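Throughout, read-outs are computed from the coordinates displayed, never taken from laboratory work. Just so it is clear, the structure is predicted and the values come from calculations on it, not from any experiment. Methodologically, a virtual Cβ is constructed for each residue, glycine included, from the backbone with ideal geometry; neighbour enumeration extends over all protein chains shown.
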Amino acid sequence: MVHIPIFRSPEESTQMYVLCGRIALYWGPVELGIEGLLVRLRNNLKHGISKDSFLWSIPFPISFSRKVSEIKVHLKSSPKYADIELELLPLLSRCKWIHDIRTHVVHSICQGTNLDGKLMFGRSDHNKGKSYTEKQFGPEELEKVAIEMLHLVDKLNDMFNRLSNPALR
């Protein structure tokens, strides 16, 4: 069954599709930044962790939540990462929140806009035993999320550069 999203006008549909496209496109550099941190931490710690450790048995690709979990484990593995951990953990929390929005936008069925002008996304939630759940996002909210993704990339790149310091290896 094909579902065509309902919008008030062609202009509104164009605006909403552009917002969805930004969410989809801007996420890639954020996830790449997180993967870069993970690879850098794995490389920095490769001499201190046994190759038999579960952390080294997880090849790419891995889920977003596993990447974040592994970064947190690595950051706690050495006191030399304490300052970076304090700055990075809030960024990772923000990335998880944005990832949830991105997942709804990219992996759900767009229903169009409601009377309030919010985009509606529907999907099943097997974890809750529901065949349909819905999330709604206003255009302003999606625009803020897209802009925040761009800022997060800069911050994640800064963290990567700090982790590249030879003193942290």
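Most exposed first by the Cβ proxy, i.e. fewest other Cβ within 10 Å, how do Ile101, Ile71 rank? Write down the numbers at each step before the final one.
Numbers: Ile101 19, Ile71 22.
With the fewest neighbours first, Ile101, Ile71 line up as Ile101, Ile71.
Round to the nearest 10 and give me the degree value, 0 to 90, for the angle of helix 10-45's Cα axis relative to the longest principal axis of the chain.
Long axis of 10-45 versus the principal axis of the chain: about 10 degrees.
Of the options His107, Thr14, His74, report the single residue whose Cα projects farthest towards the positive end of the charge dipole of the chain (beta-carbon charges: Lys, Arg +1; Asp, Glu -1).
My answer, from the dipole projection, is His74.
Of Lys128/Lys155; Lys76/Lys144; Lys67/Lys135; Lys130/Lys155; Lys67/Lys155; Lys80/Lys155, which sit over 27 Å apart, Cα to Cα? Don't jump to the answer; show the numbers that get you there.
Working: Lys128/Lys155 35 Å; Lys76/Lys144 31 Å; Lys67/Lys135 25 Å; Lys130/Lys155 37 Å; Lys67/Lys155 17 Å; Lys80/Lys155 19 Å.
The answer is Lys128/Lys155; Lys76/Lys144; Lys130/Lys155.
For Cα extents along the principal axes in Å, pick the label among (1) 66, 48, 24; (2) 69, 45, 28; (3) 58, 33, 21 that corresponds to the value derived from the coordinates.
Given (1) 66, 48, 24; (2) 69, 45, 28; (3) 58, 33, 21, the structure-derived one carries the label (3).
Does anyone have the angle between helix 82-107 and the longest principal axis of the chain? Alpha-carbon axes, 0 to 90°, nearest 10?
Orientation of helix 82-107: about 30 degrees from the principal axis.
Have a look at the DSSP beta bridges in the chain and tell me what percent are antiparallel, nearest 5.
Values: 10 of 11 bridges.
Looking only at bridges with both residues in the chain, the antiparallel portion is about 90 percent.
Please arrange Ser93, Ser13 by how many other C-beta atoms lie within 10 Å of their C-beta, fewest to most. Don't jump to the answer; show the numbers that get you there.
Numbers: Ser93 11, Ser13 16.
Result, fewest neighbours first: Ser93, Ser13.
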